[in-house]
Amino acid sequence: MRQTTEYDGPQYNYLTQPWYTEAVKRGKELNFTEPFYDTKMKVNMITISTSVSDTLNQVVSRFRV
């Protein structure tokens with residue numbers, strides 16, 4: 001596994017990224033992106049994302065791996 005902080009800056013608008021927008025649409029279902037080449041990490045990858053809810057079923061986070 002590799003990790004980067006390249007996406008931590010304000011110029012990376014995660015609210016518009018496919019992994020985020022699809023997680024919003026699908027709720028608690030897992031969302032798998034199509035394979036893509038990450039130019040910052042220089043690897044082929046996919047993203048798995050989902051919404052995380054509290055006990056009142058309110059979305060508290062979007063999570064991706």
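The values are calculated or read from the model by the stated rules, or taken from the named source; none is laboratory data. Source: prediction; values computed, not measured. Every residue, glycine among them, receives a Cβ derived from its backbone with ideal geometry; neighbour counts consider all protein chains shown. Ligands, DNA and RNA are stripped out before the accessible areas are found, and what is left, the full protein with its side chains, is counted by its heavy atoms. Shrake-Rupley method; radii C 1.70, N 1.55, O 1.52, S 1.80 Å.
Quick grid of which residues meet (1) out of contact with any Gly (no Cβ under 7 Å at 6 or more places or on another chain); (2) not β-branched (V, I, T):
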{"position": "N13", "(1), (2)": "yes, yes"}
{"position": "T21", "(1), (2)": "yes, no"}
{"position": "E29", "(1), (2)": "yes, yes"}
{"position": "K40", "(1), (2)": "yes, yes"}
{"position": "M45", "(1), (2)": "yes, yes"}
{"position": "S51", "(1), (2)": "no, yes"}
{"position": "L56", "(1), (2)": "yes, yes"}
> Considering the range 43-59 alone, what residues qualify as being at pLDDT below 90 and open to solvent by 90 Å² or more (accessible area, probe 1.4 Å)?
Replying inline: T55, L56, N57, Q58
>> Tally up the residues in the range 1-11 that are open to solvent by less than 100 Å² (accessible area, probe 1.4 Å) and not β-branched (V, I, T), please.
In response: 3
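Restricting to the range 12-28, give me the number of residues that are surrounded by 11 or more Cβ atoms within 10 Å (Cβ to Cβ) and either over 9 Å from the mean Cα position of the chain (by Cα) or assigned to a strand (DSSP E or B) (or both).
As a first pass, look at the range 12-28 and keep what is surrounded by 11 or more Cβ atoms within 10 Å (Cβ to Cβ): 12, 14, 17-24, 26-28.
Imposing the further condition that a residue be either over 9 Å from the mean Cα position of the chain (by Cα) or assigned to a strand (DSSP E or B) (or both) reduces the set to 12, 24, 26-28.
Of the residues in the range 12-28, 5 are surrounded by 11 or more Cβ atoms within 10 Å (Cβ to Cβ) and either over 9 Å from the mean Cα position of the chain (by Cα) or assigned to a strand (DSSP E or B) (or both).
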> From the set of residues in the range 29-42 that are touching a strand residue (DSSP E or B) at 6+ places or on another chain (Cβ under 9 Å) and under 19 Å from T4 (Cβ atoms), which is most open to solvent (accessible area, probe 1.4 Å)?
Replying inline: Y37
